[in-house]
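Contents: one structure, followed by commentary.
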Amino acid sequence: MRIDKFLNIVNLTKRRSIAQDMCLNQVVFINGSVAKPSKEIKIGDIIDLVFFDRQKKLKVLDIPKHKTIPKQDALKYIEEII
């Protein structure tokens, strides 16, 4: 699954276009390298999101099979790493 689509489905961004902009502005990293919006993710990948005042590190636990998931189910797909 594409990283921009994944970020949107697991409710880390409100829209896929926002996830695409984040990738194009080089604030999304997969396993330490800058991610393009079309970069495919796999189970076990580490996603780094760099915001203005903080950084969020997430581990991919599973790939969603559906286009939308409930917000409370997001933790089945990602785990925040401290």
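The values are calculated or read from the model by the stated rules, or taken from the named source; none is laboratory data. No experiment lies behind these values; they were computed from the predicted model shown. Quick reminder, even Gly has a Cβ in these numbers, built from the backbone with ideal geometry, and neighbours come from all protein chains shown.
A compact table of results
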item	result
Index of the failed condition, C23 passing every other in (1) out of contact with any helix residue (DSSP H, G or I) (no Cβ under 8 Å at 6 or more places or on another chain); (2) outside any loop (DSSP other than H, G, I, E, B); (3) of a type outside the set (V, I, T)	(1)
Leading residue by the ranking (surrounded by the fewest Cβ atoms within 10 Å (Cβ to Cβ)) among those in the stretch 50-68 that are within 13 Å of F6 (Cα to Cα) and modelled with pLDDT of 90 or more	K65
Residue satisfying all of: in the stretch 34-49; part of a loop (DSSP other than H, G, I, E, B) and among the β-branched types (V, I, T); farthest from K5 (Cα to Cα) among these	I43
Complete set of residues in the stretch 10-20 that are assigned to a helix (DSSP H, G or I) and touching a Lys or Arg at 6+ places or on another chain (Cβ under 7 Å)	R16
Residues satisfying the stated conditions in the stretch 1-49, i.e. more than 11 Å from the chain's Cα centre (by Cα) and among the polar types (S, T, N, Q)	S17, N25, Q26, N31, S33, S38
Residues that are without any contact (Cβ under 8 Å) to a residue 12 or more places away in the chain and assigned to a loop (DSSP other than H, G, I, E, B), drawn from the stretch 67-82	P70
Output for the stretch 17-49, where each listed residue is exposed (fewer than 14 other Cβ atoms within 10 Å of the Cβ), touching an Asp or Glu at 6+ places or on another chain (Cβ under 8 Å) and among the polar types (S, T, N, Q)	N31, S38
